[in-house]
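Down below is the structure, laid out as structure tokens.
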Amino acid sequence: MRRELIIAKSEEMQLSDREKYILDLSVLGGYTMEQLPDKMMLSRNTVRAQSRNLLKKLDVEDLPGLRDYFEKLLDNTPKQTEPDELTELITEV
């Protein structure tokens, strides 16, 4: 569910494919700015520029801030009811 929410938010924000990849690697994968260029097989300057664009779009200062942004987003998302709980609610009515 985490990945789906992040993907949905990135689509809503019209992020580029590289920005989405950076988002995925840094938020879900825990990669640091130093690790991203090797993982993405891109130059440090390219990753830095794409990261800067991503951070600017989200109005955050750095990758830890990006992680915090999405943690808050996920914390504020209503939790889905478990199937057993849903069945109990339906049978009570």
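The numbers here are math on the coordinates, done by the rules we state, and not lab data. Since the structure is predicted, the reported quantities are computational estimates derived from the model, not experimental observations. Here the Cβ is made from the backbone with ideal geometry for all residues, glycine too, and neighbour counts use every protein chain on show.
Laid out as a table, the results:
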| quantity | calculated |
| --- | --- |
| Full-stretch length increase - T46, D62 - with 0.36 nm per residue and alpha-carbon distance subtracted | 4.2 nm |
| Residues K20 and N76, FRET efficiency given R0 of 30 Å [Cβ-Cβ distance, rounded to 0.05] | 0.90 |
| 3J(HN,Hα) from dihedral phi, segment 47-60, Karplus parametrisation 6.51/-1.76/1.60, rounded to Hz, x for glycine, proline | 5, 4, 5, 5, 5, 4, 4, 4, 5, 5, 4, 8, 6, 10 |
| Stretchable slack from E12 to D38, in nm (0.36 nm times residue separation minus alpha-carbon distance) | 6.6 nm |
